Structures are given as C-alpha cells and as structure tokens.
Amino acid sequence: MEIPSRSPYVVVGAGIHGLSTAYHLAQELAARGLGSGADVVVLDKAGPGAGASGIACGVVRNNYFQPAMSELMQACVEVWESDPVAYAYNPVGYIALGASVQEADLTATYERQERIGYDSELILGEAEVDAHMKALFPDWRAQGVTACLHEHQGGFAFNMDSVHGLYGKCREAGVSVLSGVEVTGFVDGADGSIATVETSEGRVEVGEQVVVAPGPWARDFWAMLGLPDTIDVRTPSGEVVRDRPMWTYWNLQEGEVQVDPLTFATADGGAPPVIHLDTNAPLHTDDGELLTDELWGIYFKRDRHSVQGGASPLVVDGDVELDPYPQTTDVDPAFPDLFCAALSHAMARFEGCRPLYKQARSGGVGAFTADNFPVFDHLRPNLYAILDSNHGYKMIGVGREVAKVLVGEHAPLLYPFRLERFETGDLHPVSSSPYPWS
Ligand SMILES: Cc1cc2nc3c(=O)[nH]c(=O)nc-3n(C[C@H](O)[C@H](O)[C@H](O)COP(=O)(O)OP(=O)(O)OC[C@H]3O[C@@H](n4cnc5c(N)ncnc54)[C@H](O)[C@@H]3O)c2cc1C
C-alpha cells in the first residue's frame, strides 16, 4: 500500500465519523479557498465500515434527555435528510415507549424537541398510548406503557450502504481513503503537537491536523497518546469520584427474526417507524415461561430481509479482544428468547417467531467513556479526537461540525463534549433509562 509521506490532514478510521469528517473537511477547504479533498487522507487498518459503523443497527433518533445530545442530533438528522439516497436513509420516524418511571424524561425530551423545532408528538396515559399504537398496528398489545414519544423525523439507515455513500462522496471530493494501513503510533513535535503518524506502511508527516475516529478502538488510541486508564470525575454536586475507568466495554446484543419483513407494516401498509419499547410488565415466552418481571426493553426495525433489533447491552468484564471485529461469540444465550418474547409481547403478529430467530452478523462491543457520553475535543494542539462513546452511527453530522473546528471556526454544538468536563463537573444530566446511551 502506497501512502503519502506528507499530508496536511490525516484522518484515522474510515467509519461514519472519519469519513464524514474527511468529506466535510474537503468541502470546507474548497469553500474557503484553503485547499481541497486532495489535502486529506483517511487511513484504516481494515477498510470502510470494518468497525462499529458497519454493524450498527442504524437507528437514527433524537430521543435524548440531555439537551446537548438532542441539539447535536437535530444537526445530524439534517445531514441524513440532506441526501437520503446516498446515505441509504429511511425517514420512517421513531417511537419510544416507556413505563411510568420514564414519563418525566420523555416529557422533558418532547418539550425540548418542540422548542428546537424537531417534529414529534407526546402521548401520555396507558389507554391513550395503547390507542395511538393500535391505530398504527391493530395487533399492538404491549402492557405497562404509559408514555410514548413519537418522533416524525429520524428512522434508520442501512449501515454499510451509508458508509459506502460517504466513501463515494469522499472519493468524488478527491480524498484518498487508504485501506490496510494500521496506525501504530505518533511522533511528537516540539509543543506536544503530532509531527508524524507512524503506520504499518511507513510514516506520514502531518502538515496541519490529525483526526482520530477509532470507534471501539478508542482505548488503544487513548493509550497511544499516553493518557491514563482512569480519570477523576467531578460530579455536578462537586464531589470528586477518583479513578473511574476511562473506557468500559459493553456488549450490544442484536439479532433478527426471519419473518417476511412486509408483515411488519403499519395498518395502511406503510413502512413502520423504528420502535423502542421499555416496560416493567412481566415478560413471558409464548410458552408461558416468565423471563423477567423487572424493567426490560427492546428496539426493532424492519430490515431488508427480516425484523432486526436488540436489547439492553451488557458490561464486558475483563480484557476485550477487538480484532477481528465484531466478536460474535459473546452473545448472551438468553438474548434470543428475550428478543422474541418481547416482539410477541408487543404485537400479536410476532407470536411464535422464536424458531425464526437467526444469530446474524450483528451485535458487537462499544467503548463507553467515564460518563457514557462522547468526547469530541483536541487531545493535542493538532490532534482532534472523535470518541463517540458508542452513540454515534446516527451522529453523521459530527464530522461536519469537526470540519468547522479544523478550519478554525466555532462549533458550539461540540462544546459540551469537551474532555475538560470531567474536571469541571459540567457533566450531562442522566436519565432514568436502563440504557447507557440515553
Ligand atoms: C451492535 C451495535 C449496534 C449499534 N447500533 C447503533 C444504532 O442503531 N444507532 C447508532 O447511532 N449507533 C449505533 N451503534 C454505535 C455506532 O455503531 C458507533 O458509535 C459508530 O459506528 C462509531 O463510528 P466510528 O466511525 O467512530 O468508528 P468505527 O465505525 O468503529 O470505525 C473505526 C475504524 O477505525 C479503524 N481503526 C481502528 N484502529 C485503527 C488503527 N490502529 N489504524 C487504522 N485504523 C484503525 C477500524 O478498522 C474502523 O474501520 C451501534 C454499535 C454496535 C456495536
């Protein structure tokens, strides 16, 4: 593999963030007369979509309790909507259904969405939610749901197709995207800047800036930059929690049932919104075995050949092997039963779907930060890190914002995600959701 000996901009990682950054940077440089895509090289040790972006369920939603996440997501949805064909984006909407414990969070989220102009509606009350869902799906039968946030924007995108869409845009803009080039280290310049990127194929001298967008490999780049495994975190109340692990790995469990996808349609035959259901109603298999009577949740969408989705992730104990990615051997044996029982709990049409469950190439691990929210920041004077804490396939617009930073503009949407927040206590509020990403 021939790599350039020097490049003004070096982007590491050809996932959703690296490619979006490279593409938008090419546009910014050209628009300002500062250069072009030829000034940008993307390096990936495998190839476009080899990491989490190529395995993501692809859900695009704004259901975030945290104001900064919600506002950033609105900008991201704008990017998805800008070219649905290239990004293989399905604007079918998204429905979050919650138990009473989540009512206040969903209400606050809805109210913010109204303020920022994100198109959604809120339905409260068990009977009202049931009626709303039955109008869409006459066989809806989920219990214990008292709040429903129906986002009319958002939906999902096909993971590899959207990566290829971005890859195509990069290439058209003149960006070189090089596969099979592993970054192995950085050589520091005088002021702590990165002078050179070391790779398996030789060295690249950095003209202006380096961007790292390593997805689950965040831990490895953190170590390469000499940053500590644990950090102290100041909570908003001023208390300092010492030695929190900077990176925790969660195993995202996903799978699919191979029903005819067209059976999952709305009452008028339309494409169904993505559904996320959380409830504390007892969950039984179709044979009547009780699986849980505590808060549980699933999300699911209509895929090309199946109905696909997942459930709450599990923390991975001990060492995490990332190569090859994803490790599909770690799936909890209980997951297929839970997923199929939950589908059947939601809609009668899924009753008896358990034999149709397939452990497809889905699921994988994600690297979560000390507060489970992204770090988007300069870690060196000329090294910008996009460490998305596994929130990120939907965040296609982060690259657009990062490109602004790289050419010296302000990107206020990224400010709440600076690393300094752990020290200052300027953390994001935490919701009552059982998921580490809500
Ligand atoms: C199972 C699963 C389902 C998910 N579902 C969703 C979802 O529905 N919606 C959503 O918004 N998010 C979802 N996510 C999260 C989302 O996939 C990630 O947050 C996002 O894709 C990360 O993008 P990225 O570009 O940072 O990293 P990645 O896509 O992981 O790309 C990183 C790239 O860096 C490369 N790389 C790593 N180390 C090196 C090195 N040393 N040298 C060179 N290259 C290197 C890798 O080969 C890889 O291609 C899901 C994640 C998982 C695991």
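The values are calculated or read from the model by the stated rules, or taken from the named source; none is laboratory data. Since the model is a prediction, treat every value here as computed from it, not as a measurement. All Cβ positions, glycine included, derive from the backbone under ideal geometry; neighbour counts span all protein chains shown.
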**Complete set of residues in the range 40-61 that are more than 6 Å from the ligand (Cβ to nearest atom) and part of a helix (DSSP H, G or I)** = GLY54
**Item:** Residue within the range 23-35 that is over 14 Å from GLY207 (Cα atoms), surrounded by 16 or more Cβ atoms within 10 Å (Cβ to Cβ), within 15 Å of the ligand (Cβ to nearest atom) and among the hydrophobic types (A, V, I, L, M, F, W, C) present
**Value:** yes
**Item:** Considering residues of the range 65-78 that are within 13 Å of the ligand (Cβ to nearest atom) and more than 12 Å from the chain's Cα centre (by Cα) only, the residue nearest to LYS169 (Cα to Cα)
**Value:** VAL77
**Request:** Could you please let me know if VAL92 is more than 30 Å from ALA281 (Cα to Cα) and either within 12 Å of the ligand (Cβ to nearest atom) or touching a residue at least 40 places away in the same chain (Cβ under 8 Å) (or both)?
**Result:** no
**Request:** Quick one: in the range 151-171, of everything that is touching an Asp or Glu at 6+ places or on another chain (Cβ under 9 Å) and in a loop (DSSP other than H, G, I, E, B), which residue is nearest to the ligand (Cβ to nearest atom)?
**Result:** PHE158
**Fill in**
If we take the range 172-289, then strands (runs of 3 or more DSSP E) inside it with 2 or more residues that are within 16 Å of the ligand (Cβ to nearest atom) and closer than 30 Å to ALA99 by Cα are 248-252, 254-257, 274-279
**Asked** Going through the range 315-354 one residue at a time, which ones are farther than 30 Å from PRO138 by Cα and exposed (fewer than 15 other Cβ atoms within 10 Å of the Cβ)?
**Response** VAL315, ASP317, GLY318, ASP319, GLU321, ASP323, PRO324, THR328, THR329, ASP332, PRO333
**Asked** Taking GLN143, is it more than 15 Å from the ligand (Cβ to nearest atom) and outside the structural domain of VAL320 (by TED's automatic domain parsing)?
**Response** no
**Request:** Please note which helices (runs of 4 or more DSSP H) are completely contained in the range 335-438 and include at least 2 residues that are under 30 Å from LYS134 (Cβ atoms) and away from the ligand (no atom under 15 Å from the Cβ).
**Result:** 335-346
**Prompt:** Mind checking whether some residue in the range 426-434 is within 29 Å of VAL10 (Cα to Cα), crowded, with 18+ Cβ neighbours inside 10 Å, in the same structural domain as GLY215 (by TED's automatic domain parsing) and in contact (Cβ under 8 Å) with a residue 60 or more places away in the chain?
**Reply:** no
**Asked** Between a first residue in the range 303-322 that is closer than 17 Å to PHE339 by Cβ and not assigned by TED's automatic domain parsing to the domain that holds CYS353 and a second residue that is modelled with pLDDT of 95 or more and surrounded by 17 or more Cβ atoms within 10 Å (Cβ to Cβ), which pairs have beta carbons less than 8 Å apart while being 6 or more apart in sequence or on different chains?
**Response** none
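Check TYR110, TYR94 and return the single one that is more than 23 Å from THR21 (Cα to Cα), touching an Asp or Glu at 6+ places or on another chain (Cβ under 7 Å) and aromatic (Phe, Trp, Tyr).
One residue alone meets the criteria, TYR94.
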**Request:** Kindly indicate whether PRO326 is within 26 Å of the chain's Cα centre (by Cα), farther than 28 Å from SER70 by Cβ and at pLDDT below 95.
**Result:** yes
**Request:** For residues that are closer than 15 Å to ILE396 by Cα and in contact with a Leu (Cβ under 7 Å, 6 or more places away or on another chain), tally how many sit in the range 17-50.
**Result:** 5
**Item:** Residues (closer than 19 Å to TRP247 by Cα and buried (at least 21 other Cβ atoms within 10 Å of the Cβ)) located in the range 394-420
**Value:** PHE417
